[in-house]
Amino acid sequence: MQPFFEEDGITILQGDARELIYQVDAQVVISDPPYGVNFLSSQGSEWRNTPIVGDRDDSLARWIVSYCRTKLLPAAVFWGVRIARPEGWKGCLVWSKGEHAGLGDLSFPWKPCHEEIYIFGEGWHRPPGRRGGSVLEYPAECGTYAMRKGGRLHPVEKPLGLMVELIEHAPPGVIVDPFCGSGTTLEAAKRLGRTAIGIEIDERFCRTAAERLRQKELGLSWF
């Protein structure tokens with residue numbers, strides 16, 4: 001199996017996660033799988049009408065949860081608020097995206113500003129300091145926040161700081177992100193000196209993630 005990218009403890013594999021994950025040795029899963037919202041952005045020229053592979057239903061999200069539970073792997077998995085909760089979770093975090101995020105049903109008086117993250121397994125810990133709350137506030141990668149770095153790298157890109165916080169609390173061992181997209185989980189792992197493997201089926205996002213990770217001097221701040 002030839003890696004698409006491999007450097008400084010970070011590896012990218014291109015292909016179907018349902019096949020490749022059995023060929024990697026990892027101890028922690030952190031991922032934002034397609035979960036059936038059939039996302040199709042209508043804003044911005046770069047991502048307008050760009051579908052996400054596997055997002056027509058929640059089968060991939062349920063598959064990765066089943067895999068983690070079967071293998072007894074600790075995991076943090078993003079989840080859609082409109083689909084039934086997964087089974088066997090240890091805790092639920094809420095990612096608060098900020099007031100600028102999302103439009104949704106324009107006839108409804110409240111716009112969607114959060115996502116759920118389900119925690120599975122044991123070994124999660126807190127860094128030195130006080131215990132944090134379950135609501136994680138990080139502005140979504142859209143609008144002004146995305147413009148500061150030249151636009152989003154992925155239609156549903158997650159904030160780097162959010163992924164850093166999840167990894168800071170993660171058990172030891174190699175991290176795998178089976179749906180790594182533009183590589184936010186991998187960059188967060190690199191910043192924290194963790195070994196990580198990303199799997200991505202779409203070659204364009206593999207290229208984006210690899211280019212991102214080849215930057216020798218990553219900035220020290222994130223949103």
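The values are calculated or read from the model by the stated rules, or taken from the named source; none is laboratory data. Being a predicted model, the structure only gives us computed values, none of them experimental. Here the Cβ positions follow ideal geometry from the backbone for every residue, glycine too, while neighbour counts run over all protein chains shown.
In this structure, is Thr208 modelled with pLDDT under 95 and β-branched (Val, Ile, Thr)?
Yes: the conditions hold for Thr208.
Starting from the stretch 8-24, keep only residues that are outside any strand (DSSP E or B), then list their pairs with residues that are surrounded by 14 or more Cβ atoms within 10 Å (Cβ to Cβ) and among the polar types (S, T, N, Q) whose Cβ atoms are within a distance under 9 Å, requiring at least 6 positions of separation or different chains.
Cβ pairs passing all conditions: Gly9/Thr195; Ala17/Ser31; Leu20/Gln14; Val24/Thr11.
Which of the residues belonging to the stretch 175-217 are hydroxyl-bearing (Ser, Thr, Tyr) and in contact (Cβ under 8 Å) with a residue 40 or more places away in the chain?
Listed by number, the residues that qualify are Thr185, Thr195, Thr208.
Give the stretch 188-212 a look and list any residue that's in a helix (DSSP H, G or I) and crowded, with 23+ Cβ neighbours inside 10 Å, or say none.
Ala188, Ala189, Phe205, Cys206, Ala209
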